[in-house]
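As C-alpha cells, the structure follows; a few thoughts come after it.
The values are calculated or read from the model by the stated rules, or taken from the named source; none is laboratory data. Note that this is a predicted model, so its numbers are computed, not measured. Reconstructed Cβ throughout: ideal geometry from the backbone, glycine too, with neighbour counts over all protein chains shown. What goes into the accessible areas is simple: the full protein's heavy atoms, side chains included, and nothing from ligands, DNA or RNA. Shrake-Rupley method; radii C 1.70, N 1.55, O 1.52, S 1.80 Å.
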Amino acid sequence: TALTWFRGLAHALPAGRAWTPLEVFKVPGHTRLIPLWMDTDTTGNPVVFTEGVGGIGQNTFGCQWADSSWAVNWVGGFASSVSWPVLAPRGTHYLLWKSITGEETPTGLKAYLVLTQVDPGPVGAHDTLGLIWASAVNYVAAASERRRWVMVQDFTNLRLLYSDTLRSWREVEIAGQGEGGLGIVALDDTTALLAWAGLNEGVRWGVLRGASWTEGLPLDVGDRLASRPRFRPRPSGGHWLA
C-alpha cells in the first residue's frame, strides 16, 4: 500500500539516468493510498495529492517529497470523488472535487462540486459551486491571482462559472456538451482560455474575457475520437494544447 506507479522492473532510461529504489509510503489507519495527481512546490520538490481509503475510512492528503521520503503536509478531513489538476500560479494549489454523497432531486441524483485552496496547507475554506450530475467526471478549474474559473459537463449541458471572491460565483451561458473532456487555463487575471471535446463536436475552444464569451473556430469538427484536451504552460510563453 503505497504511492507506487510501477511494479516490477522499470523501463530503461537514457544513459546516465536510473530510477531510485522503490519508496513505500503508508498513512496509518488506511489500507491504501490512491494518487490523484502530482505537481511541484516553489522549490521544485514533488507534491502528490492522494486519497486514503480503507481501514478507518476515507480522507484526502497532501504529500511532499522530503529529501529521501514522502511526508504528509496536510490532511483534508474530507473524502473526494474524481479530482483533476487545477492550473494556478506557481506555488498555489487547488483541489476541485465532487462529493461522494449526493441528493435526490426531481431531475435525478446530484452531488456537490467543491473548490478548495490547499497551498501548501492547511486546507482553505470549501467553496461549494452547487449541485451537478452525480455521475459527472468532466470538470476542470483554473486560477489567477484574482479570479477562478470552473467548467463542468453537467449531464448534457456545458457550464462555465467564474468567481472573484469566496462563495460568489457567476455563470456564463455557453453552448456545447464536452462529454469527451475539458481543458481550461488562465491567460491573465480576468481572462481564461477553454477547450472541450465531444463525439459530435470535435475539438472546440473559446475565450472568456471578464464576463464576455467568444467562441473560436473549431479545431477539428470531424474528429469523433477527440478527448481529454489539456493545457500546459510553455516555458517560452503561451500554452500548449494537447
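Each residue, residue 217 and residue 20, gets one label point 7 Å from its Cα in the Cβ direction; the gap between the two is 4.9 nm.
Placing dummy labels 7 Å off each Cα toward the beta-carbon, the span from residue 207 to residue 105 is 3.3 nm.
How much length is gained if the chain between residue 56 and residue 165 is pulled fully straight, taking 0.36 nm per residue apart and subtracting their Cα-Cα distance, in nm to one decimal?
Working: separation 109, 0.36 × 109 = 39.24 nm, distance 3.51 nm.
Going from the current span to full extension adds 35.7 nm.
Counting heavy atoms of the protein chains alone, residue 221 has an accessible area of about 90 Å² for a 1.4 Å probe.
Ignoring the sites themselves, what is the longest stretch of the chain with no chymotrypsin sites (Phe, Trp or Tyr not before Pro) in a DSSP loop and at most 12 other beta-carbon atoms within 10 Å? Each step should come with its number before you reach the end.
Values: sites that count: 5, 6, 19.
The longest such stretch corresponds to 20-242.
Between residue 68 and residue 172, the simple label model (points 7 Å from Cα in the Cβ direction) yields a spacing of 5.0 nm.
The Cα-based radius of gyration of the chain, divided by its Kirkwood radius, gives an Rg/Rh of 0.98. Neighbours of residue 70 by Cβ distance under 15 Å: Lys/Arg scored +1, Asp/Glu scored -1, total -3. Compute the label zone of residue 224 within the range 179-204: residues whose backbone N is under 18 Å from the point 7 Å along Cα-to-Cβ. Residues passing the 18 Å test: 179-181, 197-204.
Subtracting the Cα-Cα distance of residue 38 and residue 234 from 0.36 nm times their residue separation leaves 68.7 nm of extension gain. Placing a label point 7 Å from the Cα of residue 135 along the Cα-to-Cβ line, the residues of the range 92-113 whose backbone N sits under 14 Å from it are 108-111.
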